[in-house]
Amino acid sequence: MALWGILSALLSACSWAFGTITFERIGKVIPFVGITFLKGVFSIVLMVVLILLSGGLYPISWWEFIFLSISGIIGIAVGDSLFFKSLQDLGAKIQVIFFLLGQVLTMILSLLFLGELLTLEQYFGSSVLLFGVVVTTWGTQTNHPNKTRGIILGLLSMLCFSISAIMVKVAISDVPVITATFYRMAFGTIFTLGYGLASKNFKKWIGPLQDKKLCATFILNVIVITYGGFLLSMAAIKFISVSLASVLSATEPIFVLVLSFLMTKESVTKRELIGAAITLLGLFIIINSEYLG
């Protein structure tokens, strides 16, 4: 099952990369918290369809329900919103540092609370992979408005993602991926809805979707990240360690590089090619590790 977990993590990263590219226009007209909410609404509809086709929700215990619900609030409603806001305040270079810091933090928390240990080969492969991501994405942007606020929000978002991942791992061992994903999405979206109503920003969130082209792009994006990003990330956490799933999710910038070239014919630099090659080497080391033996 470990191989399925690794493939799920990589395909999830690819799905989120597609979302990153297609959300570029949407993020200019809809506030990031609004994107989180609208994404959640459409995702819930898609999950309901999948649940009906698969025979309904799987019965879970109260403690599993509580863990998954709180995980959705922390990871989806709070974590996503804080992270998106921090991107407005920080440049690409610092963003990479925070992203990698999140992987390290997840490793530490999974070791402390779950007792998860990777093999030496996996730790080495993970280090090579993350280094490759740094080489690929290390930007030259120097304009950082509201830098202090961005750093604080970035740290808080990484903490939210790590805590959420740990809570999912605890609750998902006996729960099907579809059921677990639905509860996380539902409560993350409900929490975001409450914030929107309280802050009276709800109309600003849904107004831009009157643009049919924008709405179609949004729906396509949500389909990809719901069935690809969310579901497969949950499958990865279920079948492999949280640490390994977190590291593999860091390949998202590599997929952004590839998809940008395929979709927009964006040029690729030598540095990006070298970084991608290093990342693939790290991935090969992980897949070839004793974990799959």
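The values are calculated or read from the model by the stated rules, or taken from the named source; none is laboratory data. This structure is a prediction, so every number in the text was calculated from the model and none was measured. Cβ sites come from the backbone with ideal geometry, for glycine too, and all protein chains shown count toward neighbours. Surface areas here come from the heavy atoms of the whole protein model, side chains and all, with no ligands, DNA or RNA. Shrake-Rupley method; radii C 1.70, N 1.55, O 1.52, S 1.80 Å.
Could you list, in sequence order, all residues of region 49-62 that are part of a helix (DSSP H, G or I) and either free of Cβ contacts under 8 Å to residues at least 60 places away in the same chain or surrounded by fewer than 12 Cβ atoms within 10 Å (Cβ to Cβ) (or both)?
In the first step, residues of region 49-62 are kept if they are part of a helix (DSSP H, G or I); the result is 49-54, 62.
Selection gives Val49, Leu52, Leu53, Trp62.
Remark: Leu273 matches the filter, which requires a residue to be of a type outside the set (S, T, N, Q) and surrounded by fewer than 15 Cβ atoms within 10 Å (Cβ to Cβ). Scanning region 190-205 for residues that are farther than 21 Å from Ile73 by Cα and surrounded by 15 or more Cβ atoms within 10 Å (Cβ to Cβ) gives a single hit, Lys204.
Matching residues to (1) open to solvent by 50 Å² or more (accessible area, probe 1.4 Å); (2) more than 26 Å from Ile166 (Cβ to Cβ); (3) in contact with a His (Cβ under 8 Å, 6 or more places away or on another chain):
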| site | (1), (2), (3) |
| --- | --- |
| Cys215 | no, yes, no |
| Ile223 | yes, yes, no |
| Thr226 | no, no, no |
| Phe230 | no, no, no |
| Phe239 | yes, no, no |
| Thr251 | no, no, no |
| Leu259 | no, yes, no |
| Thr264 | yes, yes, no |
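For region 179-200, the criterion of being in contact with an Asp or Glu (Cβ under 9 Å, 6 or more places away or on another chain), under 26 Å from Leu101 (Cα atoms) and not in a helix (DSSP H, G or I) is satisfied by no residue at all.
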